[in-house]
1. Starting from the amide H of Glu107, placed 1.01 Å from N in the peptide plane, find each other amide H under 5 Å away whose residue is 5 or more places distant or on another chain.
2. Distance between the C-alpha centers of region 130-196 and region 309-347? Whole Å please.
3. Please get the size of the charge dipole for the chain, origin at its Cα centre, with Cβ charges of +1 on Lys and Arg and -1 on Asp and Glu, quoted in debye to the nearest 20.
4. Which lysines, if any, have their Cα less than 25 Å from the Cα of Lys76, not counting same-chain residues under 8 positions apart?
5. Starting from the Cα gyration tensor of region 67-322, multiply each eigenvalue by 5, take the square root, and state the resulting semi-axes largest first in whole Å.
6. Treating cross-link reach as a plain straight distance, find the lysines whose alpha-carbon is under 24 Å from the alpha-carbon of Lys425, omitting any fewer than eight places away in the same chain.
7. Whole-Hz Karplus ³J(HN,Hα) for region 33-42, in order, using 6.51 cos²θ - 1.76 cosθ + 1.60 and θ = phi - 60°, x for Gly and Pro?
8. Please report, in debye to the nearest 20, how large the charge dipole of region 112-215 is about its Cα centre when each Lys and Arg carries +1 at its beta carbon and each Asp and Glu carries -1 there.
Amino acid sequence: MSLTNSAYIARDAKVIWHPYTQMLNARPPIPIGRAEGSYLFDLEGRKYIDAVSSWWVILHGHSHPFLVSRVTEQLKKLDQVIFAGFSHGPAIELAEKLLQLLPANQEKVFYTDNGSTAIEVALKMCLQYWFNKNQPRKKILAFRNGYHGDTFGAMSVSARGAWTSPFASLLFEVVFIDLPTAENIAGLKAFISGISDSLACFIYEPLIQGSAGMVTYGAMELDQLMRHCRSSGIFMIQDEVFTGFGRTGKNFAADQLQEQPDIMCFSKGLTGGMMPLGLTTCSQEIYTAFLSEDQLKTLFHGHSFTANPLACAAAAASIDLLLTAETQAHIQRICANHTAFAKTIAGHPKLKEVRQKGTILAMEWAVPGGSSYFSNLRDQLYDFFLEHHILMRPLGNVLYILPPYCISDDDLSVIYHTIHLALEKISW
Ligand SMILES: *Cc1c(COP(=O)(O)O)cnc(C)c1O
């Protein structure tokens, strides 16, 4: 019996439509049969290092035994239950655990099942807050080039470009501003002041814009912007869907900021990457604005799989694991390895910039005519690393490493070495 890759690829091609994929001429997908730690194994036993944590979700490594046992235990007790009118231990335990780690003003947890819906809920909370208060604040402020997901609300507050252009006329109006710098911060504040009466909220990816190409910016400037929003009564939605759970070197980007957001969004690493889950946390002030004898002030939002007990159990276990001295040491080890490696490629003529934020290391390749997601360089890099049995998924001309925390020093070295090799071999 042979379950070869090619047999699966043929079956896949007959029935599957893949995400973010031009199906006409896409490379055949690699069928994965098994994963363990930082490795993916295809059906013929070929091993790949998962250097992007399977789209930024895997935290402690694939099929981590601790998470597997906690989810298995939960599976035997309670698989799923409606979350309106009912509750369950895993959801309560996870909310208690998470709130303890977040800024002190975060008081309530609203569950969903992915990052985009966590964002939708955050936007609805802010917009309906002002609706419930009978005040006409309807506009949303966001950073240019941000990414908050693929549902309509999330798309609206994200970068407008090739991905969103078919829907451009249906996306709601958003006020976009540049990332803050020491130079432009005064101008940004003045601009916000001019329209603050109409702004319901400000949504942002803290410290690093992931999909934009791992674009980093300063905590000090963000703090200044947050302080300004606070003083203007503009709610802040901190999208930690990507940055949460150790990626930036601290448990949350919030741990690197002085100011506290009103609302926070989580998904991706929330369950250690094992199960789909999203959640939105908020302050007491937001929550209180929905308490009313008037039924119309209710937050009418929910999903069938809201607070799935298995996903909540995975998330609680993942947080337990994140807080161990061992995982914290892994995170610091990855940060230090990245920093040392970054020095060896800094100033390389083929690189425009090397950026690091904690466990995330990005290398922006210098390409004539600027960057493009569709650049041929991107495909060359993608193929080159796969040929070397490493899964990297460049964002245009930005190559990045985002490993699970269990990755060994040896495997990091293999990745670094292969990057040196790519810098030598690949041109455009
Ligand atoms: C991935 C991502 C989202 C969307 O999450 P999905 O689960 O893919 O819908 C939202 N915000 C940020 C910052 C992300 O990186």
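Laboratory data are not the source of any read-out in this text; all were calculated from the coordinates shown. Small disclaimer: the values here were computed from a predicted structure and weren't measured. Glycine gets a Cβ as well: all are built from the backbone with ideal geometry, and neighbour counts include every protein chain shown.
1. For Glu107, whose amide H was placed from the backbone, the distant partners under 5 Å are Cys282, Ser283, Gln284.
2. Cα centroid of region 130-196 versus Cα centroid of region 309-347: 31 Å apart.
3. Its charge dipole is roughly 480 debye.
4. Candidates past the 8-residue exclusion: Lys97, Lys268.
5. Gyration-tensor ellipsoid for region 67-322: 30, 21, 17 Å.
6. Excluding near neighbours in sequence, the set is Lys47, Lys343, Lys350, Lys352.
7. With coefficients 6.51, -1.76 and 1.60, one gets x, 7, 9, 8, x, 9, 10, 10, 10, 7 Hz.
8. So the magnitude is around 320 debye.
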